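The structure under discussion appears below in the form of structure tokens.
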Amino acid sequence: MNPSQKTPRSAWWILAVLGLIFALFAGDRAVLGILKTTLGSELGLTNSGYSLLVTAFMVPYTAMYLFVGGWIDRFGTRRALTLCVLGMSAATVIAGTAHGLGQLAAARFVLGLAEAGVVPAITLAIFTWFASERRALAYSLANTVQQTAYILSPPFVAAVTLGLGWRWAFLIPGLSGFVIATLWWQANRAAGAPPPTEPEARIPASDAAVDLGLWARVRLLLSLPSVRMLILARVISDPFWFFFQYWQTAFLQERVGMSLARVGQLTWIPPLVYMAAALGFSAFSDRLVTRGWTAPRARLVLLLGATALAPAAFVLPLIRSEFAALVLVTLVWVMCATWLNMSSVFMGALVPRHTLASSIGIMSALGGVTSIAFNAVVGTVIDHFGYNAPFFVGACLHPLAAALLAWHFLRRRDPKSALA
């Protein structure tokens with residue numbers, strides 16, 4: 001797409017529905033974390049049992065990432081996202097009818113299978129419908145709707161649980177997903193063919209990646225130094241984000257002393273702050289591209305800047321004040337969410353569009369392996385040693401990942417050579 005051309009109206013409609021899918025993606029996984037303490041009293045869920053539920057989600061979520069990227073590259077986003085949304089909705093409804101740990105684990109397993117395709121498919125759809133200099137902003141706009149789900153989830157779950165019971169906190173978003181799946185299918189049919197766009201990177205060696213088998217595709221993408229380095233950065237940093245995402249509400253209740261009602265009143269603030277920050281960050285990064293910066297370096301700036309917030313994660317477990325804890329949680333949220341979301345846009349600057357879903361899938365799968373290992377033991381660690389240890393270790397991961405990216409991309413005088 002020529003930069004002077006306007007983005008077609010159909011692309012914005014597509015983006016709006018992608019935002020709804022992102023919101024469902026966030027809401028379905030957020031409910032369990034918010035209800036962790038409630039499920040402890042209702043179903044006898046322990047910290048170790050909760051770790052099992054996180055692992056029951058993470059294992060299929062990670063394993064499926066290895067496969068779904070290639071399927072999405074081959075068959076397209078319309079079918080893929082429709083199936084993903086239907087699967088997420090069914091899993092969330094099943095969770096709302098569960099009567100024990102085994103049934104909850106089964107529901108989380110199905111949710112992991114379904115959610116694995118969401119981020120690669122949404123990213124590919126955005127790169128299909130939007131030009132290079134608009135992609136970071138378009139991704140952040142869709143992500144803004146996702147953050148709205150994070151904002152609304154705590155008060156929604158608290159209100160529904162206190163008013164109707166915890167099961168409805170699962171059933172309402174689960175049933176809503178069937179409507180969103182229909183909207184996505186119809187939006188693609190009405191939009192017609194996407195406009196021609198140019199990928200941000202041309203790597204001839206990867207042109208045939210979509211026709212290769214899984215392991216050949218993995219080997220090919222890992223043979224590209226910049227792709228390999230970005231994947232390594234996610235492998236290092238992902239464990240802390242998944243720990244923080246699933247344990248922050250339990251930490252605030254069990255360590256800081258917040259009630260479920262207080263969680264509902266306050267924990268919408270971190271995603272709201274990130275939502276505003278992300279729009280500014282992405283617009284700034286896109287502006288750098290229009291001014292002649294290479295896309296990889298324009299995306300790298302965001303990750304390095306966000307990493308400056310890492311000390312907040314180290315201090316957080318030492319805090320008992322609600323206000324101070326909320327401020328630090330907000331800073332950690334901005335850092336982790338910026339890394340998670342902008343690394344997908346970063347990957348789009350390194351590989352051709354027809355291999356993008358595969359690349360993001362492989363990156364997320366390998367990051368998921370370390371996240372599974374970290375989160376599989378964290379419940380036991382918290383039972384024996386408290387929250388300090390996982391926070392202290394986790395606070396070091398994003399700075400280490402950022403140092404590797406800076407070393408790789410900034411040490412080269414020719415910015416284009418960073419793609420090699």
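Nothing in this text is a laboratory measurement; each read-out follows from the coordinates by a stated rule. Just so you know, these numbers come straight off a predicted model, no measurement behind them. Don't worry about glycine lacking a Cβ; one is built from the backbone with ideal geometry, like all the others, and counts go over all protein chains shown.
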Gain upon complete extension [E42, A308; 0.36 nm per residue less C-alpha separation]: 91.7 nm
Fluctuation leader among V179, V345, V334 - the chain, Gaussian network, Cα springs under 10 angstrom: V179
Exposure proxy ranking, count of Cβ atoms within 10 Å, fewest first, for L288, L304: L304, L288
Least to most buried among I269, I34 (fewest other Cβ within 10 Å first): I269, I34
With 20 Å bins from 0: P(r) over the chain, alpha-carbon pairs, percent: 28, 60, 12, 0
Per-selection Kirkwood Rh - the stretch 1-122 (Cα, Å, 1 d.p.): 15.7 Å
Low-density loop cleavage sites - trypsin sites (Lys or Arg not before Pro) in the stretch 299-353, where at most 14 other Cβ are within 10 Å (DSSP): R320
Of C396, C84, C336, the one that fluctuates the most in a GNM where the chain has Cα springs shorter than 10 Å: C396
Sorted by Cβ neighbour density within 10 Å, fewest at the top, the residues I319, I360, I180: I319, I180, I360
Charge dipole (the chain, unit charges on Cβ, about Cα centre) - positive-most of A23, G102, A56: A23
At least 24 Å along the helix axis (C-alpha) and Kyte average at least 0.0, DSSP helices within the chain: 9-34, 47-75, 77-96, 135-163, 166-191, 225-251, 269-290, 322-348, 356-385
Stretchable slack from L279 to V301, in nm (0.36 nm times residue separation minus alpha-carbon distance): 6.5 nm
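In deg cm²/dmol, rounded to 500, what helix-only [θ] at 222 nm does the chain give when every DSSP H run of at least 4 residues adds -39500 (n - 2.57) and the total is split over its residues?
Taken over the chain, the calculation gives -26500 deg cm²/dmol.
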The chain - percent relative contact order, Cα under 8 Å, separation 6 or more: 28 percent
